[in-house]
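The next block holds one structure in the form of structure tokens; read it before the comments.
Every number in this text was worked out from the coordinates using simple rules, so none of it is lab data. Keep in mind it's a predicted model, so treat the numbers as computed, not measured. Neighbour counts run over all protein chains shown; Cβ positions are idealised from the backbone, glycine included.
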Amino acid sequence: MHDRPAGAAAVARRGDADPAAQEAVRFRGVMIAFSLPGGASYPAVAATDLAVGTHEFVAIVGPTGCGKSTLLNAAAGLLAPSSGEVFVLGARLTGINRAAGYLFQQDAVMPWKTARDNVAIGLEVAGVARAQAAAKAQAWLERVGLGAFAERYPHQLSGGQRKRVGLAQVLIRAPKILLMDEPFGPLDAQTRQIMGNLLLELWAFERKAVLFVTHDLEEAIALADRVIIMSAGPAARVIGDHTIDLARPRDASEVRLSPRFHELHKLIWSQLRTEVLKAYNASGSDSAGAAYSAGGA
Ligand SMILES: Nc1ncnc2c1ncn2[C@@H]1O[C@H](COP(=O)(O)OP(=O)(O)OP(=O)(O)O)[C@@H](O)[C@H]1O
Ligand SMILES: [Mg+2]
């Protein structure tokens with residue numbers, strides 16, 4: 001684990017004069033409705049106000065189908081709000097969010113490229129010479145613990161290793177903001193915790209703004225500074241905004257054993273549970289409830 005460098009602290013101090021400059025992402029009255037065939041409209045997300053600070057790690061948790069990916073897509077500039085506005089680093093977002101790196105649930109690695117080429121591609125498309133991009137990609141692979149795997153193709157890597165490639169792929173472009181949509185979703189519980197620790201370790205270097213969607217409340221509490229709870233849809237809204245006052249640096253596994261973690265989990269789960277059951281009852285299947293559990297806390 002690494003402390004925040006002096007440079008980052010200096011940047012944070014310079015921003016003190018202007019509160020908007022301290023916000024990486026702000027949703028201001030963001031409402032999102034989807035047009036359905038036949039002319040109807042589905043109100044996915046009700047007017048939402050939410051800000052993520054420039055060095056803040058914010059997790060969003062909510063029942064399946066409530067609009068978490070929709071909100072993240074709006075922050076990425078992939079989806080324009082039906083009403084309201086998204087601001088990025090103080091400026092209104094009108095197209096793709098160029099300050100952000102986006103990590104999806106599905107692997108975004110290209111099967112025909114080696115791990116190194118998959119990581120280098122982001123720099124190459126930005127005009128960096130091939131040899132230089134490859135050298136930087138190698139350095140990033142080493143940072144995510146895959147230095148010896150640079151020549152491997154994705155099918156020769158485990159699911160967790162592919163996620164590491166995905167992280168390096170996003171971080172090599174030095175985004176100020178990380179948007180992560182259930183990035184460790186398909187991994188087993190132990191690998192998720194290892195990936196959580198890797199993410200915390202990389203994050204500690206610069207403390208980029210992170211907006212992290214997960215269905216796993218324990219993961220959200222273990223990683224984040226704040227946990228946002230969304231209600232079940234339609235017209236989902238933010239119903240909880242919980243500060244996670246667990247000390248950093250944190251170990252994503254060990255922190256789960258602390259009494260404060262248990263207190264926070266109990267408090268937030270009581271709120272989330274109601275929403276999960278609503279989604280469960282609305283769906284008429286066990287799919288909504290199955291994704292959540294009160295866990296070991
Ligand atoms: N393009 C679309 N057209 C119509 N409805 C959509 C569209 N995209 C999403 N929706 C609906 O909007 C709601 C929110 O979807 P979203 O994908 O944001 O949910 P989510 O919270 O990310 O769910 P999950 O946890 O299952 O990933 C859902 O009811 C979904 O069916
Ligand atoms: Mg989603």
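A few remarks follow.
- Taking Cα atoms only, the orientation of helix 115-125 departs from the longest principal axis of the chain by about 80 degrees.
- Antiparallel bridge percentage (DSSP; both residues within the chain; nearest 5): 55 percent
- Taking 0.36 nm per residue of separation and subtracting the Cα-Cα distance, full extension of the segment from Phe34 to Leu257 would add 76.1 nm.
- P(r) tail fraction, the chain - alpha-carbon pairs more than 30 Å apart, %: 33 percent
- Of Lys208/Lys278; Lys68/Lys266; Lys136/Lys208, those spanning more than 30 Å from alpha-carbon to alpha-carbon: Lys208/Lys278
- Burial ordering of Leu89, Leu277, fewest other beta-carbon atoms within 10 Å first: Leu277, Leu89
- Fewest-first ordering of Ser35, Ser82 by other beta carbons within 10 Å of each residue's beta carbon gives Ser35, Ser82.
- Among Leu36, Ala204, Gln193 the positive-end extreme of the charge dipole of the chain (Cβ point charges): Ala204
- By the rule of a C-alpha distance below 17 Å, with chain neighbours fewer than 8 residues away ignored, the lysines paired with Lys163 are Lys113.
- Working note: 222 nm ellipticity from helices only, DSSP H runs with n ≥ 4, each -39,500 (n - 2.57), summed and divided by the residues of the chain, gives -11500 deg cm²/dmol to the nearest 500.
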